[in-house]
């Protein structure tokens, strides 16, 4: 083959992904005088962060002065069923308020309290009203603020560029990556002293998901292929409230803010069923009557929390059980009712996008009728194992922040903890990268053979005139994962998934793509599929090993948590190489928590 | 079984033509669903841009039956009977099929002088809901660029793009000018380099905004008053001094330390 020619760029810090974490990392590294490049699969400002609705958790104490980082830390650890990297949960709780205030200095306009401070709203699993927000479009505010800051700094942003693979130097340090421009299909290499993965999530492997086409787990997969470790991959969050009808929008997110603002869940008999699903762990702090629960919204000292605001894993399982018991809605969900509980004016002001979304897409006026909702694949707690303080992986020069990182949320993420995660750890990754460069031992050349191999592999589908349609494989993968690796799992189905994933792996090797390289979605999908399959295998493998139920991982054959398994993360890694290389798994013990933090968890409330 | 027909423009910068796709009709579908079904079957290389499929990211802007629309928010059953025509946005250069080169907008974004706030007091700035609400309306913008697409100043006159920011950026400037914390002054820039004067208030932008932002009434007209008055009218200049004072008062209040 003749030597390919392609564009080449060089940076101190290359960031893959332009959502909240990537942009925050870019700002930090840029402010430290480093040459920063950002690569994104989409246009700038379109990342999945815009989909975040309810808010950004930070113990600022603006609404409840008794709130503080210690309570936020405790809530996060309890929500995560103690599988969290405690140090990440600690840093997150301590630093989130400063990250919110900093956004305000960059132009964000949050909703206000009567005395002019940033207003905070209630969400599941948070003891106090803690989410800074802008109506129900907080993610848009976050991304626009960071985007405008990055643009004002003159940072280079490479849009609609798909990264295929990370590239090392001869010593095994990260040296950059190879990708292609979607517009032309031409290849490009980025050489960098450090690479920060900020690629977000992976929900696109499931049929019903709140994630956009971008959520294909690229960063998770590329990290695995490059020698980093993935932890807690079995822990996938199914958000309790996704739209269920019309079918074409099934899975589309309905913000938890609906419940935070007074919305309740009812089954087809009209019962407020969540009272029947309060787990022992949350019983002491959850109301046991509708009357008590309803007092709480206005005054958190007048009653205990409504059960609708339990952590997401609890609520999703309850909805699943109601539907299974035959008490579901006509389209296989349950009802989320705010219409009978709040005024039309209140609903339109607090939840404008939800009002709009249901009106336009389902023809439902949520100020008059209940919404039909059900669980939707939303978030992956699992991710790349990193050092909490620096976000560095075990591969020198490789960092990860945001949803692609693992550990912060343990087995289940609390709503509102994701936006704050992005900015807390995006910033830390920027600092981590700067310090790594300062230490002076970084890569200065890329392994050319690895670049060539990635390019050849990407072009293979064009060489076949007959073969698999990538859309068929994607469709079959999503159906299969939905059925076999969904919200409730068992050994038998997970074995089926394992076999099927091996079949999909073979099918991907026989993809034939029609058309040319310029903006060809069929080809783009073909290059996303290796990551989607690697990701799905990692989730399935983790789910087989974790023979217990914990947070976002529920086994019907092991319905209870197992204390011993609660002490370990399962860490998956390859010896490097190809996307279908064998994966090793080891049990990696959790960090040992200092006594003063342990005391916070045990404290009575 | 009822059917739907999409008439989709296919081609690139060298030219192209319409192609018809007829599929069975599914309940509740939006235009983007039908495009996706075409991609999954007949035309895997049909280029379109999309992300969230929920009306929140503004990626899937095209022209449906000649009008700028988001494909993800346009239900098939709301369109008139007969074939549905889907074309790329006219104002921007074609990349391929329904995908256009919207880099004009990113060039304009880079020209906007950033917010210039005073140092933040301990405990954060104080701002009041009525003061942030004006800016919040403009920050609902999802950057679908359909207001830019429909604006005849650049839709019909390519050369105007050199010196015209367009409605999306007029709301951005308005937002910054009305921001309670801002200490920057962009009025000369807006008048001289951003071409605010070219807008003759036909409100086409407001009509296509999927976020229902009152672009003309709430951003462009107040911005015009502010900019033009500042330059030509001594009485308004005095008025501006007073209004400026109002802005300064809000600013003073914002940096009062928390009690």
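No value in this document is a laboratory result; all are computed from the given coordinates. Bear in mind the structure is a predicted one, so any value in this text is a computation, not a measurement. Every residue, glycine as well, gets a Cβ built from its backbone with ideal geometry; the counts of neighbours run over all protein chains shown.
Take B:228, B:4, A:13 and order them by how many other Cβ atoms sit within 10 Å, fewest up front. Please report the intermediate quantities before stating the final value.
Numbers: B:228 16, B:4 21, A:13 28.
Going from sparsest to densest Cβ surroundings: B:228, B:4, A:13.
Per residue of peptide B:130-137, the mean number of Cβ atoms on other chains within 10 Å of the residue Cβ is 3.
Ranked from highest to lowest mean number of other Cβ atoms within 10 Å per residue, what is the order of the peptides A:392-405, A:340-353?
Working: A:392-405: 27.6, A:340-353: 16.2.
Top to bottom by mean Cβ count within 10 Å: A:392-405, A:340-353.
Just check the protein assembly as shown against the gyration tensor rule for me: Cα atoms, a ≥ b ≥ c as the square roots of the eigenvalues, rounded for a/c under 1.5, and otherwise prolate or oblate depending on whether a/b exceeds b/c. Rounded.
Using the 10 angstrom Cβ neighbour count as an exposure proxy, how do B:72, B:144 rank, fewest first? Spell out each step's value before the answer.
Working: B:72 28, B:144 25.
Ascending Cβ contact count within 10 Å gives the list B:144, B:72.
What is the antiparallel percent of DSSP beta bridges lying wholly in chain B, to the nearest 5? List each step's numbers first, then the result.
On the way: 20 of 23 bridges.
Around 85 percent of the beta bridges assigned by DSSP in chain B are antiparallel ones.
Which shape class, rounded, prolate or oblate, goes with the range A:548-598 when its Cα gyration tensor gives a ≥ b ≥ c as root eigenvalues, a/c under 1.5 marks rounded, and past that a/b bigger than b/c marks prolate? Since a/c reaches 1.5 but b/c is at least a/b, the shape of the range A:548-598 is classed as oblate. Each of A:208, B:145, A:558 was scored by other Cβ atoms within 10 Å of its Cβ. Arranged with the fewest first, they read A:558, A:208, B:145.
Could you sort the peptides A:186-196, A:444-454, B:88-98 by per-residue average Cβ neighbour count (10 Å cutoff), highest mean leading? Could you put the intermediate results ahead of the total?
Working: A:186-196: 24.4, A:444-454: 16.5, B:88-98: 22.0.
Highest mean packing first, the order is A:186-196, B:88-98, A:444-454.
Inter-part distance, the range B:147-169 to the range A:297-375, computed on C-alpha centroids, equals 42 Å.
Where a ≥ b ≥ c are the square roots of the eigenvalues of the C-alpha gyration tensor, would you call the range A:239-377 rounded, which needs a/c under 1.5, or, failing that, prolate if a/b is larger than b/c, or oblate? Working shown, then result.
Values: a/c = 1.93, a/b = 1.24, b/c = 1.55.
Oblate shape, in that a/c is at least 1.5 and b/c is the bigger or equal ratio.
Taking Cα atoms only, the orientation of helix B:129-139 departs from the longest principal axis of chain B by about 40 degrees.
For the range B:103-254, averaging the sequence separation of C-alpha pairs within contact (under 8 Å, six or more residues apart) and dividing by the residue count gives a relative contact order of 28 percent.
The helix-only estimate of mean residue ellipticity at 222 nm for chain A, built from DSSP H runs of length n ≥ 4 each weighted as -39500 (n - 2.57), is -11500 deg cm²/dmol after division by the residue total.
Bridges between two residues of the protein assembly as shown, per DSSP, are antiparallel at a rate of about 70%.
Please give the Cα centre distance for the range A:65-141 versus the range A:181-206, rounded to the nearest Å. Cα centroid to Cα centroid, the span is 29 Å. Contact order, relative form, for chain A: 21 percent (alpha carbon pairs under 8 Å, 6 or more residues apart, mean separation divided by residue count). Mean per-residue shielding of peptide B:38-50 is 6, counting Cβ atoms of other chains within 10 Å of each Cβ.
Let me confirm one metric for peptide B:53-64, namely the mean number of other chain beta-carbon atoms within 10 Å of its residues' beta-carbons. Could you put the intermediate results ahead of the total?
On the way: counts 10, 13, 6, 15, 14, 5, 7, 1, 0, 0, 0, 0.
Going residue by residue through B:53-64 and averaging, the value is 6.
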